[in-house]
1. Quick one: what pairs do we get from segment 73-85, first residue in contact (Cβ under 8 Å) with a residue 60 or more places away in the chain, second charged (D, E, K, R) and outside any loop (DSSP other than H, G, I, E, B), C-beta under 6 Å, 6+ apart or different chains?
2. At pLDDT below 90, on the phi < 0 side of the Ramachandran plot and out of contact with any helix residue (DSSP H, G or I) (no Cβ under 7 Å at 6 or more places or on another chain): is that true of SER2 in this structure?
3. Under the condition of being of a type in the set (Asp, Glu) and without any contact (Cβ under 8 Å) to a residue 24 or more places away in the chain, which residue from segment 29-47 is farthest from GLN11 (Cα to Cα)?
4. Looking at segment 32-47 only, could you name the residues that are in a helix (DSSP H, G or I) and either within 19 Å of VAL58 (Cβ to Cβ) or in contact with a Leu (Cβ under 8 Å, 6 or more places away or on another chain) (or both)?
5. Out of all the residues in segment 19-31, is one or more of a type outside the set (Ser, Thr, Tyr), in a helix (DSSP H, G or I), over 9 Å from the mean Cα position of the chain (by Cα) and surrounded by fewer than 16 Cβ atoms within 10 Å (Cβ to Cβ)?
6. Would you check which residues across segment 48-64 are loosely packed, with under 15 Cβ neighbours inside 10 Å and in contact (Cβ under 8 Å) with a residue 12 or more places away in the chain and list them?
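The values are calculated or read from the model by the stated rules, or taken from the named source; none is laboratory data. Keep in mind the model is a prediction, meaning the values are calculated, not measured. So basically every Cβ, Gly included, is an ideal-geometry build from the backbone, and we count neighbours across all protein chains shown.
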Amino acid sequence: MSDQLIVQVKQMIIDALRIEGMSPDDIDTDAPLFGEGLGLDSIDALQLVVAMEKDFGVVVPDAATGTKVFASVRSMADHIAANRK
């Protein structure tokens, strides 16, 4: 997995969730996305599922997988790298 993919995932999060005033450098690669990290919620998760499929062609098949995939930016990038078409 490349650093470029990490930056792309961070930018996808910013764009998909319309987070103003934030750059990819502001997002910690290993911080939790939900709860104390970025503070995302279930609506944000749905938006990220759609964005990941649109931007990378990668599907999150179920909620259990989603919990692992959306743990952090790094886990999202790992999932994309492993499942990109």
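1. VAL73/LYS10
2. So SER2 passes the test.
3. Across segment 29-47, the extreme among qualifying residues is GLU36.
4. Within segment 32-47, ASP44, ALA45, LEU46, GLN47 meet the criteria.
5. yes
6. Answer for segment 48-64, where residues must be loosely packed, with under 15 Cβ neighbours inside 10 Å and in contact (Cβ under 8 Å) with a residue 12 or more places away in the chain: VAL50, GLY57, VAL59.
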